[in-house]
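Values in this text are rule-based calculations from the coordinates and carry no lab data. Small disclaimer: the values here were computed from a predicted structure and weren't measured. When we count neighbours, we look across all protein chains shown, and the Cβ atoms used for this are built from the backbone with ideal geometry, even at glycine.
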Amino acid sequence: MNGEAPVVFLIDDDASVREGVADLLRSVGLQVRSFASPQEFIDSKRPDAPGCLVLDVRLPGPSGLELQRVLASSNIELPIVFISGHGDIAMSVRAIKSGAIEFLTKPLNEQQLLDAVHTGIEQDRSRRLETIALTELRTRLDALTSREREILLLVVSGKPNKQIAADLGLSEMTVKVHRSQVMHKMRAKSAIDLVRMTDKLGIATR
């Protein structure tokens with residue numbers, strides 16, 4: 001992941017709201033990209049950086065809730081802070097259940113908005129770091145030979161070297177050599193480390 005600073009994307013069809021919210025966010029050192037409609041946002045090129053979306057619920061054309069569905073179906077995992085001029089409880093419940101981190105009503109409480117945006121950015125930063133770590137784990141797993149992967153699964157299932165040797169028809173010394181290679185390639189310090197890695201990778205053990 002590169003070192004780009006976080007970006008807040010702001011979508012609201014009211015120019016005065018966009019200007020006011022953008023000024024507030026920039027006042028605390030955040031980068032802001034403003035859009036008057038969901039389509040403008042969709043058509044834009046987004047930087048590879050942690051981010052958060054501040055999204056008006058009621059917009060001409062596709063609503064904020066509809067954009068939320070589109071992003072989810074497109075696997076665009078951007079934390080969303082909804083803002084609305086109407087305190088619609090049913091709408092806010094729907095937004096939160098669909099993954100939004102906050103639903104704020106206008107006129108906006110500045111501190112609540114800033115807190116929600118910072119929470120969203122931290123969530124996105126954590127998600128991105130986890131994605132990178134998982135990609136690295138998959139790369140390590142792909143470096144294992146078929147025999148090493150077989151032994152990996154037996155190790156994390158809790159079987160000792162002697163039992164693994166018997167299961168695979170190998171000498172115990174050969175199993176120890178393969179096991180050492182597995183530990184080295186996966187960069188694991190212990191069998192517990194291997195268990196945690198396979199859990200993250202979603203690998204089923206015997």
task = Using a/c under 1.5 as the rounded threshold, could you call the range 155-206 rounded, prolate or oblate? The axes a ≥ b ≥ c are square roots of the C-alpha gyration tensor eigenvalues, and prolate needs a/b larger than b/c, oblate otherwise.
result = oblate
ask   = Which one is right for this structure if Cα Rg over 2.2 N^0.38 Å is calculated from it: (i) 0.98; (ii) 1.44; (iii) 1.08?
value = (ii)
ask   = Taking Cα centroids, how far is the range 1-80 from the range 157-206 in Å?
value = 46 Å
request  = Report, in deg cm²/dmol and to the nearest 500, the calculated mean residue ellipticity at 222 nm for the chain, where each DSSP H run with n ≥ 4 adds -39500 (n - 2.57) and the sum is divided by the residue count.
outcome  = -18000 deg cm²/dmol
inquiry  = Going by amide H atoms built from the backbone, whose H comes under 5 Å of the H on residue 83, apart from near neighbours?
reply    = 55, 56, 57, 104
note = Output for the range 21-63: trypsin sites (Lys or Arg not before Pro) sitting in coil per DSSP, at most 10 other Cβ within 10 Å, listed by number, reads 45
ask   = Just the Cα atoms of the range 1-57, one point each, no solvent: what log10 I(q)/I(0) does Debye give at q = 0.29, 0.30 Å⁻¹?
value = -1.24, -1.28
note = Going from the fewest other Cβ atoms within 10 Å to the most, one would list 174, 145 as 145, 174
